[in-house]
Amino acid sequence: MRRSMLFLPGNTPNILINGAYLGADAVILDLEDAVSPDEKDAARILVRNAIRTLDFSRCEVIVRINSLDTDFWQADLDTIVPCRPHWIMLPKTARSEDVQRCDEYLTALEAKLGFAPLTVRLMPLIETALGVENAFAIATAAKRVGALFLGAEDLTADLQCKRTKASREIEYARGRMVVAARAAGVDVYDTPFTDVNDAEGMEADARCAKALGFTGKASISPRHVEIINRVFSPTLAEIDYAYEVLEAIAQGKAQGKGAVSLRGKMIDAPIVARARQTIAAAEALGLGKGEAK
């Protein structure tokens, strides 16, 4: 289960070496914004060596390459894909054609390496107004796409508005992204909360994202990982209620009832679907009934 994704600069060996032990479900090894142009080659090699030699069995590996409008992205893929990262994050994705261009290159590279098709998944990073409006087309542009990711810092610059902790300025983009991703059948991840010292604000922002339907949330600080994991994990009460729902449905069927109620409320298809989602999340975290933390 991928609740939290932690950004790690690709040019910082002292941070990369500890990346798998910081509690995140996935780490994003960054070759783009965190790396200056004169350090791109060195960072690429460092990230390659980190994936090859470090034990990332505790979390998934995502590599954010440079955008398609640079001279770096193909070298990024040529160097990184042989190491079999779980995901490639494609920044500044604005059109379905961006996804298709990257997908074609990855497909050819996988064939050259003898990898099975779709060994490496693709996570478009949407951070422009055009990208938000094209979110569904981006999500369905290639089978390799398994998730969308909202980047609010660049988006608000493109929208010509101020980025605030309240995040009212990205309400539309958040909703649009979730609807597009769910319609396409892929996961969707929320933008990082950038004040590393504001734990209360971080939790409120994560709860907002969860309420909107995001799968999880990214972070730029290890301090925020525990909060994200907790917010995006089912609670004990939620797990217990989910099991009660399924038990009530099973009993109703056994008794030939066409309608079932629980705690004075009718149990309909959406409630059953949410119960199954909660139990699936709990099982993915290794939690059974009564074991939530």
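For region 53-78: of the residues being surrounded by fewer than 19 Cβ atoms within 10 Å (Cβ to Cβ) and β-branched (Val, Ile, Thr), which is farthest from Asp187 (Cα to Cα)? Taking the candidates together, the pick is Thr53.
Would you check if there is a residue in region 177-195 being of a type in the set (A, V, I, L, M, F, W, C) and in contact with a Lys or Arg (Cβ under 6 Å, 6 or more places away or on another chain)? No: zero hits. Among the residues making up region 19-48, those that are closer than 22 Å to Ala284 by Cα, without any contact (Cβ under 8 Å) to a residue 40 or more places away in the chain and either not assigned by TED's automatic domain parsing to the domain that holds Pro222 or not aromatic (Phe, Trp, Tyr) (or both) are Ala20, Val27.
From the list Val27, Val35, Val63, the lone residue that is closer than 28 Å to Ala129 by Cβ and either of a type outside the set (A, V, I, L, M) or under 18 Å from the mean Cα position of the chain (by Cα) (or both) is Val63.
The residue of region 1-29 that is surrounded by the fewest Cβ atoms within 10 Å (Cβ to Cβ), among those that are of a type in the set (Ser, Thr, Tyr) and not in a strand (DSSP E or B), is Tyr21. The listed residues are Ala218, Ala166, Ala173, Ala183, and the only one of them that is aliphatic (A, V, I, L, M), in contact (Cβ under 8 Å) with a residue 40 or more places away in the chain and not in a helix (DSSP H, G or I) turns out to be Ala218. Could you check, for region 175-186, whether at least one of its residues is under 15 Å from Arg2 (Cα atoms), assigned by TED's automatic domain parsing to the domain that holds Ser96 and buried (at least 17 other Cβ atoms within 10 Å of the Cβ)? The answer is yes; a qualifying residue exists.
Among the criteria (1) out of contact with any Phe, Trp or Tyr (no Cβ under 7 Å at 6 or more places or on another chain); (2) over 26 Å from Leu285 (Cα atoms), the one Trp87 does not fulfil is (2).
The values are calculated or read from the model by the stated rules, or taken from the named source; none is laboratory data. It should be emphasised that the depicted structure is a prediction, and the values quoted were computed from it without experimental measurement. Glycine gets a Cβ as well: all are built from the backbone with ideal geometry, and neighbour counts include every protein chain shown.
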